[in-house]
1. Does ALA212 satisfy the condition of being touching a Phe, Trp or Tyr at 6+ places or on another chain (Cβ under 9 Å) and either modelled with pLDDT of 95 or more or outside the structural domain of GLY158 (by TED's automatic domain parsing) (or both)?
2. Just a yes or no: is a residue in the range 105-118 out of contact with any His (no Cβ under 9 Å at 6 or more places or on another chain) and at pLDDT 95 or above?
3. Across the range 237-290, what is the number of residues that are assigned to a helix (DSSP H, G or I), under 20 Å from the mean Cα position of the chain (by Cα) and charged (D, E, K, R)?
4. Go over the candidates ALA171, ALA178 one by one and state the one that is buried (at least 19 other Cβ atoms within 10 Å of the Cβ) and not basic (Lys, Arg).
5. Out of the range 183-198, which residues are of a type in the set (A, V, I, L, M, F, W, C) and surrounded by fewer than 24 Cβ atoms within 10 Å (Cβ to Cβ)?
6. Within the range 76-101, which residues are modelled with pLDDT under 95 and closer than 29 Å to GLU236 by Cα?
7. Given the criterion in contact (Cβ under 8 Å) with a residue 40 or more places away in the chain, within 24 Å of GLY70 (Cβ to Cβ) and either in contact with a Phe, Trp or Tyr (Cβ under 8 Å, 6 or more places away or on another chain) or of a type in the set (D, E, K, R) (or both), identify the matching residue among LEU182, LEU196.
Amino acid sequence: MRSMSLAVVLLTAVPTTQSQSHEHHAPAVATALALRQVEDVKRIAAAWSTTDNARESGYEPALGWIPMMGTHWVNGPRMLQGRDAVKLDGPSQLMFSPVDGKDTLVGVAYAYYAPAKDGSPPPVLFDGAPAWHDHPDLAPPGTSLMMLHVWFVASPDGPFAGLNPFLPYWAAGVTPPAPERLRDPAVSERVRKGGLALAEIADPAGLFPIIARRPAVRPVLEAQRDAIRGLVPQIEAARRAGDDARWDTLVQQLGAHFDVMRESYLKSAQDPEVRAHMARSLDEMINGSK
């Protein structure tokens, strides 16, 4: 599904914002007008609803599939036009991710490069001025890549969150829980960690592809992935039966398998700074920071 260097994975795993935190928090509430605007954008983006249509319209895939973001299809010339060219009806990026075994347009993103010390606020595209996030490590020196994600699919952190933990569930053929269940911090952490476990079977390259190929890591990942695959039909059976307690127990088991994989990844990272960055990235995804 993807071919990514370890450095790219680390740089893109988690969006950064000035308000990042390791604590669970309630998602920002989108106004009724903002939700209507999202529907307007969704209708506009229907013209790019397939990867073939996206490519014909000047979008190209970049970075590969990222568990809680999908694959970004980027219109490079549009993104280079700068802040003043950002328009609601012209997203510079499309996000595709598998749903029911098919690459699906799950959202869009607006992006532009800004001078690192510019201080100018990002444009207000939606009612309520949802927060943008930045990727300074993905921009030329002296600039930062400013981004605003807009999800067309269910997102427990709201339609403008930087990450969507439900994407790995759909990619692995598992139905995610109702978004409101993640208001409980314990359920939220369980679901997000389970999503990272499911990402390992949705994308055989692994969360950190270079490390995943190492002889000491590969057998660990393969054993845990086999166990995760065995849980998938049980999780779906519990959902169909409406047995939340059983569903939670099984997703907790997904998390236990992920813990083993996480330890193997981190132990095999030879550079302490890389190891620390990996750990922070995973923790942010599990804690649901936006």
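1. Numbers: touching a Phe, Trp or Tyr at 6+ places or on another chain (Cβ under 9 Å): yes; either modelled with pLDDT of 95 or more or outside the structural domain of GLY158 (by TED's automatic domain parsing) (or both): yes.
In short, yes.
2. yes
3. Number of matching residues: 5.
4. Values: ALA178 fails: buried (at least 19 other Cβ atoms within 10 Å of the Cβ).
Step by step, each of ALA171, ALA178 is checked, and only ALA171 is buried (at least 19 other Cβ atoms within 10 Å of the Cβ) and not basic (Lys, Arg).
5. ALA186, VAL187, LEU196
6. ASP100, GLY101
7. It is LEU196.
To keep it simple, each residue is scored yes or no on (1) assigned to a loop (DSSP other than H, G, I, E, B); (2) touching a residue at least 12 places away in the same chain (Cβ under 8 Å); (3) of a type in the set (Phe, Trp, Tyr); (4) out of contact with any Phe, Trp or Tyr (no Cβ under 7 Å at 6 or more places or on another chain).
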{"position": "ALA45", "(1), (2), (3), (4)": "no, yes, no, yes"}
{"position": "ASP52", "(1), (2), (3), (4)": "no, no, no, yes"}
{"position": "GLY58", "(1), (2), (3), (4)": "yes, yes, no, yes"}
{"position": "PRO61", "(1), (2), (3), (4)": "no, yes, no, no"}
{"position": "GLY64", "(1), (2), (3), (4)": "no, yes, no, yes"}
{"position": "VAL106", "(1), (2), (3), (4)": "no, yes, no, no"}
{"position": "PRO122", "(1), (2), (3), (4)": "yes, yes, no, no"}
{"position": "ASP127", "(1), (2), (3), (4)": "yes, yes, no, yes"}
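The values are calculated or read from the model by the stated rules, or taken from the named source; none is laboratory data. Not measured: the values here are computed from a predicted model. A quick note on method: Cβ atoms are made from the backbone with ideal geometry, for glycine too, and the neighbour counts reach across all protein chains shown.
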